[in-house]
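Asker: Pasting a structure here, questions to come.
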Amino acid sequence: MDDATHGPLAGFTVGVTAARRADELIALLRRRGAAVVHAPALRIVPLADDGELLAATRDLVDNPPDAVVATTAIGFRGWIEAADGWGIGERLLERLRTTELLARGPKVKGAVRAAGLVEAWSPQSESLAEVLDRLLAGPVAGRRIALQLHGEPLPGFVEALRDGGAEVVPVPVYRWMPPEDLALLDRLLDAVAVGAVDAVTFTSAPAAASLLSRAGERGLREAVLEALRGPVLAACVGPVTALPLQGEAVATVQPERFRLGPLVQLLCQELPGRARVLPVAGHRLEIRGHAVVVDDRLRPVPPAGMALLAALARRPGWVVSRADLLGTLPGSGRDEHAVETAMARLRAALGEPNLIQTVVKRGYRLSLDPGDGEGWSAAGTVR
C-alpha cells in the first residue's frame, strides 16, 4: 500500500480554522487521508442591516469616488445584494460604471462582471500589494478612493494611500466576530499546545489573529507559539493571511496560487516530508502523526503507543529505560507496568513485533539496521 492507496495525508491530523468554505477544505483534506479537527476561529457577520455599510454606500452614491477597489468576490457580491435590499442597488451600479474599478484577481473580476460591470484593471496574482502599487504609480493626492473591506481593516493599504494625499472611504461589507462555539477553538488550542496536531490551516488573517488572541486569554499563547514554531506546521492560503503569525516569528508555508486546492497539495508535500523515516529490522518505518507506515502499509497507532515510539525514535538504536518511557505516557502515574502494556499494544499495532527489541532489565530500543544509525535524516534520506 502506497500514498496513492492510503492517501498522502493518512496518519496526519490537520486543524482547520476556517469559517467560510470550511466544508470544502475539510473534504479535500479527508479525501487525501487526513484526520481533521475543525474549530472556526471566527464567524463572519454580514452587515446588510448595519448602519455603517449603509452610510458608506449612500455617501459613495451621492459623492462619486475616483476609484473603487473590490478586494473579495463574496464581499463585492454581498455589497451589491445589500444595496439592492435598501433600494439603491441600481444607483450604486451606475456609480460603479462611471468610476475606475479595480478588482483584486480573477475571482473578484468574475464577481464584478457578474454584476454587469467591467473592471478597469485586475492583477493576475491576486496580490493587494499590486493593486496598491498600481494606485500609487499615478498621482493619488486629492483622489477619493473607496476600499471594499471583507472583515479586516487593511491598515497598511489605507495608510499608504492617505500618506499619498488620497481620501480613503472604507466600505465594511462583513465583520469578523468571535466564534459562536469557543469550546471547539479551545479543543484545537489544547491540541496545538501539546503537538497533537501536525498542521493548522489558516485562510484569513483575522482567523490567525483570533486563534492567538484566544490562546492568550487562556494562558496558552507561548505554548501555542512554541508549537507553531516547531512541530506543528502553520499553512496559510497566502501572504496576507500569514502576517499575524509571521509577526510572532512563526514560519509559515503558502502555496503559489492562493486557493484551497493548492493549499491542500502543499500539505501533501510538506507533511510527509517532515515525517521521520528509519530502517528498522529490515523494514522501512515512517513515523507520522497518529500512525506509522511500515513498508508502505499504513498502521494506526494509539496515542500511548505513538508517545513510546516517538521517545524511541529520538535516539534510534539506543536503549530507553522503562522509567524514561513512563514519563512520556500521559496520566500513567508511577507504575512501570503501564509501559509494558502500552508497548504490547504498540507492537500489535505495528504488525512487526521485532521492530522494537526488549533489553532485559534495561528497557527497549528500536532494532535499527546495522550501520544506519545517524545516517538517516528526518525525511529518510541518507546523509
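The values are calculated or read from the model by the stated rules, or taken from the named source; none is laboratory data. Bear in mind the structure is a predicted one, so any value in this text is a computation, not a measurement. Glycine also receives a Cβ, built like all others from the backbone with ideal geometry; neighbour counts cover every protein chain displayed. Only protein heavy atoms, including side chains, enter the accessible area calculation; ligands, DNA and RNA are left aside. Shrake-Rupley method; radii C 1.70, N 1.55, O 1.52, S 1.80 Å.
Asker: Could you go through the range 210-227 and let me know if any residue there is of a type outside the set (Gly, Ala, Ser) and modelled with pLDDT under 90. Before you say what the answer is, go through the steps one by one.
Answerer: From the range 210-227, those of a type outside the set (Gly, Ala, Ser) are 211-212, 214, 217-218, 220-222, 224-226; that's our starting set.
Next, from what is left, pick out any that are modelled with pLDDT under 90: none.
There is no residue in the range 210-227 that is of a type outside the set (Gly, Ala, Ser) and modelled with pLDDT under 90.
Asker: Then there is this: In the range 244-272, which residues are of a type in the set (A, V, I, L, M) and loosely packed, with under 15 Cβ neighbours inside 10 Å?
Answerer: Hits for the range 244-272 are Ala249, Ala251.
Asker: OK, next. Which one is farthest from the chain's Cα centre (by Cα) among residues in the range 28-75 that are in a loop (DSSP other than H, G, I, E, B), more than 18 Å from His150 (Cα to Cα) and among the hydrophobic types (A, V, I, L, M, F, W, C)?
Answerer: Looking at residues that are in a loop (DSSP other than H, G, I, E, B), more than 18 Å from His150 (Cα to Cα) and among the hydrophobic types (A, V, I, L, M, F, W, C), I get Ala34.
Asker: Of all residues in the range 119-131, which are at pLDDT 80 or above and either open to solvent by 40 Å² or more (accessible area, probe 1.4 Å) or under 19 Å from Ser204 (Cβ atoms) (or both)?
Answerer: Ala120, Trp121, Gln124, Leu128, Ala129, Glu130, Val131
Asker: Quick check on my filter: what residues within the range 153-192 are in contact with a Lys or Arg (Cβ under 8 Å, 6 or more places away or on another chain), of a type in the set (A, V, I, L, M, F, W, C) and either surrounded by fewer than 18 Cβ atoms within 10 Å (Cβ to Cβ) or assigned to a strand (DSSP E or B) (or both)?
Answerer: Val168, Val169, Trp176, Met177, Leu182
Asker: Determine which member of the set Leu154, Leu117, Leu135 is over 15 Å from Thr72 (Cβ atoms) and within 31 Å of the chain's Cα centre (by Cα).
Answerer: Selected residue: Leu135, the only one of Leu154, Leu117, Leu135 that is over 15 Å from Thr72 (Cβ atoms) and within 31 Å of the chain's Cα centre (by Cα).
Asker: Specify the residue that is most open to solvent (accessible area, probe 1.4 Å); the eligible residues are those in the range 76-103 that are in a loop (DSSP other than H, G, I, E, B), under 16 Å from Leu53 (Cβ atoms) and touching a residue at least 12 places away in the same chain (Cβ under 8 Å).
Answerer: In this case the residue turns out to be Trp86.
Asker: If you don't mind, another one. Specify the residue that is surrounded by the most Cβ atoms within 10 Å (Cβ to Cβ); the eligible residues are those in the range 205-227 that are touching a residue at least 40 places away in the same chain (Cβ under 8 Å) and closer than 13 Å to Pro179 by Cβ. Steps first, answer last, please.
Answerer: So the first thing to find is which residues in the range 205-227 are touching a residue at least 40 places away in the same chain (Cβ under 8 Å), and the list is 205-208, 210-211, 214.
If we keep only those that are closer than 13 Å to Pro179 by Cβ too, we end up with 206-207, 210-211, 214.
Working: Pro206: 23, Ala207: 28, Ser210: 23, Leu211: 26, Arg214: 22.
By that ranking, first place goes to Ala207.
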